[in-house]
């Protein structure tokens, strides 16, 4: 696999990628999240644990759960004071207990269990995850250098300790739309992000491509977003990484940022990038009736809205330098998020 610039031969350990960054910070938002997809149908689960340090000194923690079951979607959030949550701060495995959610993330996997309720629906889960061995599952950063992970710039960080993971366990929910999933060998990922505030606007997407038997063979992750530069906001800046057949194709150098064509046109995000690795085009499309709208609060109490799909359609074309081009597609295996300033009338109301 092509090595990350400034990266040692061995991939950075998942433990360091999941280490909490919120201690000692006055204005801060930080999340650990995971999602899992049925490899043969439009079903997915998304879970997230969040810490929020507001400007007024308020400290809170949030547990999130969203279920995507074809055209049935629902989401819920529990908020507690940070003092009432339990999040490990050492160098070992990450552990978090926030309201009805518990999460353990170690070097090569972990587990999560919990129960949450909202609007007459109860959701419970008990899941184990295991990092995919080999190159596909190595920890991933979209940043061009690991030296930037804890540097002052850029202000927003996104790491993917488990770009490809396998899940097993059970998910149940009750109410008028009750159901039960016996999870075996579902495919997904686990990510970690933080910053002084959410980006003003972004589109983020990730997909694990599977063959006819449900086995993963490639993955893509990328983002297009704006950053605040004092009183002004930047144009859309993008990064993209593709892994396939033991190779990694990265579009993250500074010069690559000017060889891009991003387009955010809800519910579609498309990105074309060129660089030393060649050329790549990614298109992700969500269905508004299969999405949820989540209210993301900032330290300054300004709310942004995340239009969230975990069953998006994905198409990818890569033309590497001095290699044959290839294409990958998924009918409903993509994780796709749009962050914007307002809600959307076609998407399930915010929670």
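For residue 185 and residue 255 in the same chain, what is the full-extension length gain: residue separation times 0.36 nm, less their Cα-Cα distance, in nm? Each step should come with its number before you reach the end.
Values: separation 70, 0.36 × 70 = 25.20 nm, distance 3.95 nm.
Going from the current span to full extension adds 21.3 nm.
Based on the Cβ-Cβ distance of residue 145 and residue 289, what FRET efficiency does E = 1/(1 + (r/R0)^6) give at R0 = 51 Å, to the nearest 0.05?
That pair, residue 145 with residue 289, gives E of 0.80.
With labels modelled as points extended 7 Å from the Cα through the Cβ direction, what inter-label distance (nm, one decimal) is found for residue 232 paired with residue 122?
For residue 232 paired with residue 122, the spin-label model returns 5.6 nm.
What is the calculated FRET efficiency for residue 321 to residue 268, with r their C-beta to C-beta distance and R₀ = 22 Å, to the nearest 0.05?
E between residue 321 and residue 268, to the nearest 0.05, is 0.20.
Taking every Cα atom in the chain, find the radius of gyration and the maximum pairwise distance Dmax, and write them in Å.
Cα only, the chain: 18.8, 57 Å (Rg, Dmax).
So the label point goes 7 Å from the Cα of residue 55 along Cα→C-beta, right? Which residues of segment 284-312 then have their backbone N under 17 Å from it?
Output list for this probe position: 297-304.
Express in nm, to one decimal, how much length is gained between residue 276 and residue 115 on full extension, taking 0.36 nm for each residue of separation and deducting their alpha carbon distance.
Value of the extension gain: 53.3 nm.
May I ask you to sort 208, 220 by Cβ crowding, counting other Cβ atoms within 10 Å and putting the fewest first?
Values: 208 29, 220 25.
Lowest to highest Cβ neighbour count: 220, 208.
Taken together, the values in this text are just the output of simple stated rules run on the coordinates, not laboratory data. These numbers were taken from a predicted model, which means no experiment stands behind them. Note: ideal-geometry Cβ built from the backbone for every residue, glycine included; neighbour counts use all protein chains shown.
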